[in-house]
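This report refers to the structure that appears directly beneath it.
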Amino acid sequence: MILRYNTDEIDNTIVKKLNINARTPYTEISKQISKEIKPLSVGTVHVRVKKLEEAGIIKGSTLIIGYESLGFHLIAFVGILSDSRESQLVKEELKKIPNIVQLYITSGKYNLFCRIIARDPSDARDVISKIGEIKGVLRTESTICLEESINDENRLLSNILQQHQSNHLN
């Protein structure tokens, strides 16, 4: 794997700390790195974060919403087979349905795959019906999520940074 930007131990530490909490002040990151690795000014942290953003390694910061607390308890995945001549129209119409929180163009049985969040089975049925009514949608198949077992991109990030660090040292 080739990264466009060669990160070092300090960059990796900044990414790890921001990944744990994107709202960590640069002053705190500077203090922690100064204790763990070597002295580092707040300005240097700021410059490095900007370079990481420009390289596309950091893409903004994310707020995680607890939809369950807002009454949305059901997650479903919907495979969508659409007429290839209507695929752009179908994607534009799907973007209008707020319950669709992720949409992917895929290969295999379906050419589109989405994740929806709904209040309950009845709400999910309504969303799936809206999807089925879109001109160009030929068929849908839905799967209700019973439990989320893994939701941890940190595992992948840690592995990538560790491998990159090892490659950089060699």
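Here are the numbers:
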{"read-out": "Extended-chain gain in nm, criterion 0.36 nm per residue less alpha-carbon gap, Ser129 and Asp83", "value": "14.8 nm"}
{"read-out": "Charge context of Ser30, other residues only, Cβ under 12 angstrom, K/R +1, D/E -1", "value": "+3"}
{"read-out": "Amide H partners (placed H, <5 Å) of Thr106, local residues excluded", "value": "Leu112, Phe113"}
{"read-out": "Under 22 Å, Cα to Cα: Lys pairs in the chain, sequence gap 8 or more or different chains", "value": "29"}
{"read-out": "Euclidean distance of C-alpha centroids, region 13-82 and region 129-157, integer Å", "value": "25 Å"}
{"read-out": "Dipole axis of the chain (+1 Lys, Arg; -1 Asp, Glu on Cβ), positive-most option in Ile75, Gly60, Ile117", "value": "Gly60"}
{"read-out": "Separation of the Ser61 and Asn21 label points, Cα + 7 Å toward Cβ, nm", "value": "1.1 nm"}
{"read-out": "Check: the chain dipole with +1 on Lys, Arg Cβ and -1 on Asp, Glu Cβ, in debye", "value": "460 debye"}
{"read-out": "Proxy reagent accessibility, fewest Cβ within 10 Å first, across Lys38, Lys16", "value": "Lys38, Lys16"}
{"read-out": "Likely footprinting exposure, Ser30, Ser82, Ser166, Ser107, fewest C-beta neighbours within 10 Å first", "value": "Ser107, Ser166, Ser30, Ser82"}
{"read-out": "Stretchable slack from Lys95 to Leu70, in nm (0.36 nm times residue separation minus alpha-carbon distance)", "value": "6.9 nm"}
{"read-out": "Neighbour net charge for Glu92 - beta-carbon separation under 15 angstrom, K R +1, D E -1", "value": "+2"}
{"read-out": "Most mobile of Gly79, Gly60, Gly132 in a GNM of the chain (Cα contacts under 10 Å)", "value": "Gly60"}
{"read-out": "Sites Lys38 and Asp152, calculated FRET efficiency, Cβ-Cβ separation with R0 35 Å, nearest 0.05", "value": "0.75"}
{"read-out": "Fewest-first ranking of Ile65, Ile160, Ile131, using other Cβ atoms within 10 Å as the exposure measure", "value": "Ile65, Ile160, Ile131"}
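All of the numbers you see were taken from the coordinates with simple rules; none came from a lab. Bear in mind the structure is a predicted one, so any value in this text is a computation, not a measurement. Counting neighbours? That spans all protein chains shown, and the Cβs are built from the backbone with ideal geometry, glycine included.
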